[in-house]
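Colleague: Right, I'll just put the structure down here and ask away after.
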Amino acid sequence: MENNAETKAKVGKLLTNNATIKVANGSAVTLICNEAAMFTFVKAGNYQLKQFGDSCKVSSSSVSANYVKYVWASMTKSTGTPGSNRKAYMNTVGAVSRSINNVWIDPRLDTVNYTSGDFPLSWKSYTDAKEFEVFLYNKNDISTPFYSVFITKMKIPISDLVVANKIKTGNSYYWTAAIKGEENEEMKVLNYVSKEDFDKMLAKLKNSASFEAPAEQAYRLGFMLEDAHYLSEAYQQYSKAASLDTGNVLYRSTLMSFKKDYEIK
């Protein structure tokens, strides 16, 4: 209800402070205010928005303020490809590369937390090199790699390292890639997180919102996991969101953008 006129709610509609929300039995409405706070009405009734100013305050227990800002921007701005600007709302974007060599590793891969799934460590080359070498170092000894392998592609699935028993759960490593016969001093972090520790963190993320449809939850978890450098797990959640709501352009475009960013075919 707004200006004495009743209209059906639409996703993305901007409402004034004088609007009244009418929630039917079995329904729920989630609102975003101040581009940073999110709250939900889950009980049937009429709600005058001007009475819920306190709900617009961001608290430590609220859904990630960065995610809320991203959703707000996705709903209200028409510029850019949906899903491609998500990284602008994340805290962890990586450091600028300082090394001078013929291999470039995206700063988004500065730290990768991994528990399971098929996700690649990737890089780009400034030359037409046909063969590369991937190096693995123990966290406490970066002087000599404990493992290296030659490959012809500019990526290596983390699952290959797991299958080869080169990384162990609960440990942290450094890795880098170089053209065969060359070196690369720019090292990145790979944390192999146990399923138990990951499940605890995921449970906290799931409980940080009062109401979400399954696709909405999967999409939010994908965003927050990507922000926390759990890239393989974020990919799984983005894929889940896109499959649960096949008509959602934002979910589909985000999945495509994510796959392009991280060299997933």
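Colleague: For V11 and S172, calculate 0.36 nm times their separation in residues minus their Cα-Cα distance, and state this gained length in nm to one decimal.
Modeller: On the way: separation 161, 0.36 × 161 = 57.96 nm, distance 4.27 nm.
Extra length available between V11 and S172 comes to 53.7 nm.
Colleague: If you don't mind, there's one more thing I want to ask. Counting Lys and Arg as +1 and Asp and Glu as -1, what is the net charge of the other residues whose Cβ lies under 13 Å from the Cβ of A65?
Modeller: +1
Colleague: Here are several values of semi-axes √(5λ) of the Cα gyration tensor in Å: (1) 43, 18, 15; (2) 37, 19, 17; (3) 28, 26, 16. Which one was derived from the coordinates shown?
Modeller: Answer by label: (1).
Colleague: Additional query: With a Förster radius of 22 Å, plug the Cβ-Cβ distance of K195 and A164 into 1/(1 + (r/R0)^6) and report the FRET value to the nearest 0.05. Don't skip to the end; give the middle numbers.
Modeller: Details: r = 19 Å, r/R0 = 0.88.
Computed FRET efficiency for K195 and A164 comes out at 0.70.
Colleague: For the chain, what is the mean residue ellipticity at 222 nm derived from helices alone (per DSSP H run of n ≥ 4: -39500 (n - 2.57); sum divided by total residues; nearest 500 deg cm²/dmol)? Mind dumping the intermediate values first?
Modeller: Details: 6 runs with 71 residues, N = 265.
After summing the helix terms and dividing by residue count, I get -8500 deg cm²/dmol.
Colleague: Same structure, new question: Could you tell me the ratio Rg/Rh of the range 220-265? Both radii from Cα atoms, Rh via Kirkwood. It would help to have the intermediate numbers written out before the result.
Modeller: Details: Rg = 9.7 Å, Rh = 10.3 Å.
A ratio of 0.94.
Colleague: Rank-order 237-246, 146-155 by packing density, defined as the average count of other C-beta atoms within 10 Å over each peptide's residues, highest first.
Modeller: Numbers: 237-246: 19.2, 146-155: 13.1.
Result, highest mean Cβ count within 10 Å first: 237-246, 146-155.
Colleague: Any chance you could check the Cα centroid distance between the range 129-182 and the range 198-265 for me, in angstrom?
Modeller: Here the answer is 27 Å between Cα centres.
Colleague: Report the label-to-label distance for Y126 and T111 in nanometres (one decimal), using points 7 Å from each Cα along the Cα→Cβ vector.
Modeller: Modelled inter-label distance: 2.8 nm.
Colleague: Further question: Report the gain in length on full extension from S243 to N46: 0.36 nm times residue separation, minus Cα-Cα distance, nm rounded to one decimal. Please list the in-between numbers first.
Modeller: Working: separation 197, 0.36 × 197 = 70.92 nm, distance 3.37 nm.
Taking 0.36 nm per residue and subtracting the Cα distance, the gain is 67.5 nm.
Colleague: Lysine pairs in the range 103-192 8 or more apart or on different chains: how many have alpha carbons under 13 angstrom apart?
Modeller: Numbers: K124/K153; K124/K155; K130/K153; K130/K155; K130/K180; K139/K168; K139/K188; K153/K180.
Close lysine pairs found across the range 103-192: 8.
Colleague: Between N3 and A88, how many nm apart are label points set 7 Å from Cα along the C-beta direction?
Modeller: For the pair N3/A88, the computed spacing is 3.0 nm.
Colleague: Right, something else. With a 10 Å radius around each residue's Cβ, average the other Cβ atoms per peptide and rank 186-197, 219-230, highest first.
Modeller: On the way: 186-197: 16.2, 219-230: 23.6.
Per-residue mean Cβ counts within 10 Å order the peptides as 219-230, 186-197.
Colleague: Let me ask another. Rounded to the nearest 0.05, what FRET efficiency do D261 and E183 have when you use their Cβ-Cβ distance and R0 = 25 Å?
Modeller: Values: r = 26 Å, r/R0 = 1.06.
Given R0 = 25 Å and the Cβ-Cβ separation, E is 0.40.
Colleague: When the Debye formula is applied to the Cα atoms of the range 103-192, each taken as the same point scatterer, what base-10 log of I(q)/I(0) results at q = 0.21, 0.23, 0.25 Å⁻¹?
Modeller: Cα-only, vacuum Debye calculation for the range 103-192: -1.04, -1.27, -1.50.
Colleague: So how do 156-163, 121-128, 252-259 stack up, highest first, on mean other-Cβ count within 10 Å? Mind showing how you got there, number by number?
Modeller: Values: 156-163: 16.5, 121-128: 14.6, 252-259: 19.0.
Ranking, from highest mean packing down: 252-259, 156-163, 121-128.
Rule-based calculations on the coordinates, nothing more; no lab input. The shown structure was predicted, so the numbers you read here are calculated from the model rather than taken from an experiment. Heads up, the Cβs are rebuilt from the backbone with ideal geometry, glycines too, and the neighbour counts pull from every protein chain shown.
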